1. Given the DSSP H assignment, sum -39500 (n - 2.57) over each helix run of at least 4 residues in the chain and divide by its residue total; what's the result at 222 nm in deg cm²/dmol, nearest 500?
2. Which net charge results for the neighbourhood of THR123, defined as the other residues with beta-carbon distances under 12 angstrom from its beta-carbon, given Lys and Arg at +1 and Asp and Glu at -1?
3. Please report, in debye to the nearest 20, how large the charge dipole of the chain is about its Cα centre when each Lys and Arg carries +1 at its beta carbon and each Asp and Glu carries -1 there.
4. Per-residue HN-Hα couplings for segment 5-22, Karplus 6.51 cos²θ - 1.76 cosθ + 1.60 at θ = phi - 60°, whole Hz, x for Gly and Pro?
5. Where only protein heavy atoms count, and the probe is 1.4 Å, what is the accessible area per residue for the chain in Å²?
6. Can you list the residues, at least 5 places off or on another chain, whose amide H is less than 5 Å from the amide H of SER223, using H built in the peptide plane?
7. Would you mind calculating the relative contact order of the chain from Cα pairs under 8 angstrom and at least 6 residues apart, reporting the percent as a whole number?
8. Return the long-range amide H neighbours of VAL160 (sequence gap of 5 or more, or a different chain), with a cut-off of under 5 Å between placed amide H atoms.
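The values are calculated or read from the model by the stated rules, or taken from the named source; none is laboratory data. Just so we're clear, the structure is a prediction, and the values are computed from it rather than from any experiment. Positions of Cβ are backbone-derived with ideal geometry, glycine not excepted, and every protein chain shown enters the neighbour counts. Note: areas computed on protein heavy atoms with side chains; ligands, DNA, RNA excluded. Shrake-Rupley method; radii C 1.70, N 1.55, O 1.52, S 1.80 Å.
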Amino acid sequence: MNLRRLRHFDALYRLASYARAADELGLTQSALTRSIQKLEEELGATLFDRTTHYVRPTSDADRLIRSARDVIAASANLEQEARGLGHPSGGTVAVGSGPYPLQPLLTDAIARFAEAHPGVRVTVTGGPSEQLLETLVDRRLDLVVCNRAKFASSGHADEVLCIPLPPEPLMLVCAPDHPLAKGEGDSADFPWALPRPAPGSNLPHALRARFAAGQFPDYELDSTAACLDMARSGRAITVVPRRLAERSGLAMIGLPPSEVTRDAIHLLRNRSRSALVAAFVAVLKDVAQTEVIPPNSAASADPAR
């Protein structure tokens, strides 16, 4: 079996188009077609249903793609390790992140990792936790940092290793001249901005009915940075991890002690990992352990109403 053909299989599976896959691989469509046909002969399976209008993976392809990607990843790790014998700073780490660990946990970890590995490329993909875990299982990410509650309900508990990170207090933040910063009003009385997908638990009782009706939050945005911009404008309030709140320059209002991050590092159990991925995970765990502020040490205003 030819590793090159496995890469062709992966590209065609992802792109569902001979034209797009051939372009990505730098091949002619006829060369790609011959490569896929040869792989099908070697495997004794039909990998794609083909018509003049579409290319669709068969059930056999669905069963084999993850194993093929494991082989591709193992080969890439071997090549990376071999290059690292003379050039230890080369390679790529592909990370998926939920909105809360992205800033500042991941950004701080990337900065520290870059000091030791200045030539390594780090890519970060955001999105809903369920989608990120699916991408991890499909071998397109090396690790995912997100709420560990999503792991239990993702259906991939047998494939994914979940390493919990220390919790960090969450803080409600608003503009310095906002009524809440002056102790006036109730948090349920003001517009909220929260990262997508907005949490549905542990909301003030007055907001739960709005959430159930699909009317909360008032602004559902792609990142905590966008939520903080809305808070700076005075148009909304938001909730972010304490370290990010302290860097925001906004007024901070304490939440009940139960309101903390519940993030974890998610890795595939049986996938070989490169030394660079292992090094990044070690840095990430160290940053989370050394920089998280215990809830009982947080000097904050009265808890949000």
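1. Details: 11 runs with 126 residues, N = 305.
-12500 deg cm²/dmol, from helical runs alone.
2. Values: positive: ARG121, ARG140; negative: ASP142.
Taking every other residue near THR123 into account, the sum is +1.
3. Using only the charged Cβ atoms, the result is roughly 540 debye.
4. Values, residue by residue: 5, 5, 5, 5, 4, 4, 5, 5, 5, 5, 9, 6, 7, 5, 5, 5, 5, 5 Hz.
5. Ligands and nucleic acids excluded, the result is 49 Å² per residue.
6. Those lying under 5 Å, H to H, from SER223 are ARG196.
7. Once divided by the residue count of the chain, the mean separation gives 21 percent.
8. ARG269
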